[in-house]
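Step one of this worksheet: look at the structure below.
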Amino acid sequence: MFIETCIAPVNIALIKYWGKRDEELILPINDSLSVTLSTDEMCAKTTAAAASSFKRHIMWLNGEEVPFEQNPRAMRCLKEIQQLALAKEQLKFPIEWKLHIVSRNNFPTAAGLASSAAGYACLVYALAHLYGVQKEELTAIARQGSGSACRSLYGGFVRWHMGKSNDGTDSIALPVAPCEHWQDLHVLILVVNDARKKTSSTKGMQLAVETSDLIKYRAQYCVPQRTAAIVDAIKKHDFAKLAEITMRDSNQFHAIALDTYPPCVYMNDVSHAIVEFVHAFNKAVGEVKLAYTFDAGPNACLYLLERDVSIVLAAIKNSFPNDAEQSVEYVKGIPIACDIG
Ligand code: PMV
């Protein structure tokens with residue numbers, strides 16, 4: 001038997017990916033940019049094993065069997081890794097051998113907390129190790145599992161370039177800056193509700209591309225400008241600029257979800273209260289010290305500098321006490337972190 005185990009981090013986008021130009025290859029309509037979080041707090045852990053005695057591919061996610069052979073995205077990732085191994089003539093075991101895969105997330109699955117990003121990055125990385133091709137370009141393969149997964153293969157700040165080709169070979173993620181570049185940048189996750197989300201990101205972005213007028217404007221005009229500006233802010237450690245762009249982009253992404261017909265509503269009342277809280281906090285301290293961003297769910301991800309973590313946590317506990325109607329379930333301080341391993 002051959003066996004490999006990997007851990008992959010979650011990434012949270014500052015500039016959101018929303019909308020595909022090719023559903024099958026998962027080619028996006030805009031670039032996106034994210035921060036990779038520390039694996040200590042939130043990660044996926046995947047073990048992949050190959051043996052001559054296995055009768056079929058089987059996968060367990062958080063202890064439950066999930067379809068693998070019937071999952072076209074998972075099978076596509078496996079086929080791509082196998083092809084790399086065949087091309088490199090690096091087979092450690094016969095290609096026909098079936099796999100058993102066990103994966104776990106240490107955070108709520110499918111609650112808008114980027115579980116699929118860490119999950120597919122981990123799957124691809126574990127398979128790449130199993131087949132001996134871990135040094136190859138893997139982001140274009142992880143992208144075909146879940147778009148945002150391609151960004152979880154690097155630590156620090158990562159940009160997914162949408163690419164121009166039809167075959168997706170140039171739709172890859174590349175590092176913008178390593179985590180050491182801005183070590184005092186921290187992230188707080190406010191878990192508002194860990195129930196499963198209403199409309200999957202796949203369905204939500206498909207509907208948006210079909211029905212939203214705003215999405216074209218965002219992809220063509222807003223994202224290119226914002227991406228250039230945020231890369232500049234990262235290079236200069238300009239937190240206020242990074243924060244403003246991040247908040248504007250989150251707001252625009254949710255505006256597009258609402259411009260979808262029928263609309264997709266991902267944020268709830270507590271999410272909106274967090275938005276208000278962040279703007280009120282920044283106004284009270286007289287500078288932009290805190291930024292929010294929301295993925296396809298109600299939970300908030302707040303960016304701030306390490307020196308402000310305790311004052312922000314105190315303000316959050318004061319505004320969202322545990323016994324209140326608008327409470328947040330838990331809060332974590334997560335430094336940005338290093339590469340997959
Ligand atoms: O990779 P997916 O299909 O889970 O889509 C992720 C979409 C967002 O999380 C909302 C934005 C992003 O860029 O991560």
Margin query: Just checking, does the stretch 254-267 include any residue being within 15 Å of the ligand (Cβ to nearest atom), touching a strand residue (DSSP E or B) at 6+ places or on another chain (Cβ under 9 Å), within 15 Å of Pro298 (Cα to Cα) and in a helix (DSSP H, G or I)?
Written below: yes
Note to self: Need the failing condition index for Leu78 against (1) within 16 Å of the ligand (Cβ to nearest atom); (2) in contact (Cβ under 8 Å) with a residue 40 or more places away in the chain; (3) within 17 Å of Gly147 (Cα to Cα), just the number.
What the structure shows: (1)
Notebook entry, point to check: If you check Ser212 against the conditions, is it among the hydroxyl-bearing types (Ser, Thr, Tyr), in contact (Cβ under 8 Å) with a residue 24 or more places away in the chain and outside the structural domain of Glu23 (by TED's automatic domain parsing)?
Noted result: yes
Item checked: Flag if Glu287 is in contact (Cβ under 8 Å) with a residue 24 or more places away in the chain, charged (D, E, K, R), in the same structural domain as Thr199 (by TED's automatic domain parsing) and not in a helix (DSSP H, G or I) -> yes
Checklist line | Residue check for Ile189: modelled with pLDDT under 95, within 15 Å of the chain's Cα centre (by Cα) and not small (Gly, Ala, Ser) | finding: yes
Checklist line | Residue in the stretch 221-251 that is surrounded by the fewest Cβ atoms within 10 Å (Cβ to Cβ), counting only those that are free of Cβ contacts under 8 Å to residues at least 40 places away in the same chain and closer than 18 Å to Lys20 by Cα | finding: Tyr221
Next item on the list: Return the total of residues in the stretch 10-43 being part of a strand (DSSP E or B) and within 13 Å of the ligand (Cβ to nearest atom).
Entry: 14
Check: Quick one: would you say Ile7 is under 17 Å from the mean Cα position of the chain (by Cα), of a type in the set (Val, Ile, Thr) and away from the ligand (no atom under 11 Å from the Cβ)?
Finding: yes
Next item on the list: Name the single residue, out of those in the stretch 139-185 being farther than 23 Å from Gln90 by Cβ and among the charged types (D, E, K, R), that is surrounded by the most Cβ atoms within 10 Å (Cβ to Cβ).
Entry: Arg151
Note to self: I'd like to check something: does the stretch 125-138 contain any residue that is in contact (Cβ under 8 Å) with a residue 24 or more places away in the chain, within 15 Å of the ligand (Cβ to nearest atom) and crowded, with 19+ Cβ neighbours inside 10 Å?
What the structure shows: no
Next item on the list: Please work out which one of (1) surrounded by fewer than 17 Cβ atoms within 10 Å (Cβ to Cβ); (2) touching a strand residue (DSSP E or B) at 6+ places or on another chain (Cβ under 8 Å); (3) not in a strand (DSSP E or B) is the condition Trp60 fails and give its number.
Entry: (3)
Margin query: Being β-branched (Val, Ile, Thr), out of contact with any Pro (no Cβ under 8 Å at 6 or more places or on another chain) and more than 20 Å from Ile7 (Cβ to Cβ): is that true of Ile95 here?
Written below: yes
Next item on the list: State all residues of the stretch 174-188 that are charged (D, E, K, R) and out of contact with any helix residue (DSSP H, G or I) (no Cβ under 6 Å at 6 or more places or on another chain); if no residue qualifies, say none.
Entry: Glu180
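The values are calculated or read from the model by the stated rules, or taken from the named source; none is laboratory data. If you're wondering where the values come from, they're calculated on a predicted model, not measured in any experiment. In this analysis, Cβ positions are derived from the backbone assuming ideal geometry, glycine residues included, and neighbour counts consider all displayed protein chains.
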